[in-house]
Amino acid sequence: MIKKNDVVSMSYVLKNENGEELGRAEAKEPLNYLHGAGNIVPGLESAIDGLAIGDKKDVTILPENGYGNVDPALMLKIARSNFPSDIEIKPNMQFSSDMGGQERVFTVDSVEGDDVCVNGNHPLAGETLNFSVEILAIREATKEELEHGHVHDGSGHHH
Ligand code: ZN
């Protein structure tokens with residue numbers, strides 16, 4: 001059964017409240033994560049706790065246990081002059097900014113004259129998440145994985 005510090009492999013389909021698919025991982029390319037390390041959203045991690053290999057589960061996760069609610073304070077209007085003049089600022093461009101010692105990614109929503117509207121919320125903030133998961137494999141984490149707080153895939157790839 002899945003417990004803290006296990007490495008879990010699972011396939012999943014993620015849909016929003018309207019049944020639109022937001023993402024998936026197939027069995028041949030599963031999501032591998034370190035259980036109990038906050039690698040996945042809290043609502044999903046607690047729903048998976050105690051499952052076994054072969055178990056399937058449908059989970060509905062409210063925003064507060066998912067990617068959080070939309071924070072209006074992270075939707076900002078910034079003067080164009082704050083951006084480098086030699087770069088064309090366009091919608092969907094992303095940049096990171098240090099906010100109170102935490103790195104946060106902002107996405108450009110729109111450019112209105114001399115103002116640039118940016119959004120620092122997670123793209124799935126405010127969404128109710130419907131996960132259908134299947135547990136494919138469970139193994140103990142290595143010492144190194146526990147030290148790093150994430151899964152290593154065994155191919156020498158490190159992230
Ligand atoms: Zn690592």
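In table form, for the structure just shown:
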item	result
Accessible-area ranking of V7, V111, largest first, probe 1.4 Å	V111, V7
Selected from H122, H148, H35 as most flexible by GNM, with the chain as the system and alpha-carbon contacts under 10 Å	H148
Surface accessible to a 1.4 Å probe, F131 within the full protein complex, Å²	10
Selected from S9, P42, I89, residue furthest toward positive end of dipole (the chain; charges at beta carbon)	S9
Charge dipole of the chain about the Cα centre (unit charges at C-beta), most positive-ward option of G23, H150, L62	H150
Inter-part distance where the stretch 1-66 and the stretch 86-152 are each reduced to a Cα centre, Å	17
Electrostatic dipole magnitude of the chain [Cβ: Lys, Arg +1; Asp, Glu -1; Cα centre; debye, to 20]	300
Kirkwood-based Rg to Rh ratio, the chain, C-alpha trace	1.05
Value at 222 nm in deg cm²/dmol, rounded to 500, when DSSP H runs of n ≥ 4 in the chain each add -39,500 (n - 2.57)	-2000 deg cm²/dmol
Heavy atoms of K3: accessible area, 1.4 Å probe, square angstrom to 10	110
Accessible surface of the stretch 72-119, 1.4 Å probe, proportion on carbon and sulfur as whole %	48
Theoretical gain in end-to-end length, R104 to M75 [0.36 nm per residue, Cα-Cα removed]	9.2 nm
Gyration tensor verdict on the stretch 85-130 (Cα atoms; rounded if a/c is under 1.5, prolate if a/b is larger than b/c, oblate otherwise)	oblate
With DNA, RNA and ligands ignored, accessible area of M75 (1.4 Å probe; Å², nearest 10)	90
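The values are calculated or read from the model by the stated rules, or taken from the named source; none is laboratory data. What you see is a predicted model; the values in this text were computed from it and never measured. Using ideal geometry, Cβ is built from the backbone for each residue, glycine included, and neighbour counts are taken over all protein chains shown. Heavy atoms of the whole protein, side chains included, go into the accessibility calculation; ligands, DNA and RNA do not. Shrake-Rupley method; radii C 1.70, N 1.55, O 1.52, S 1.80 Å.
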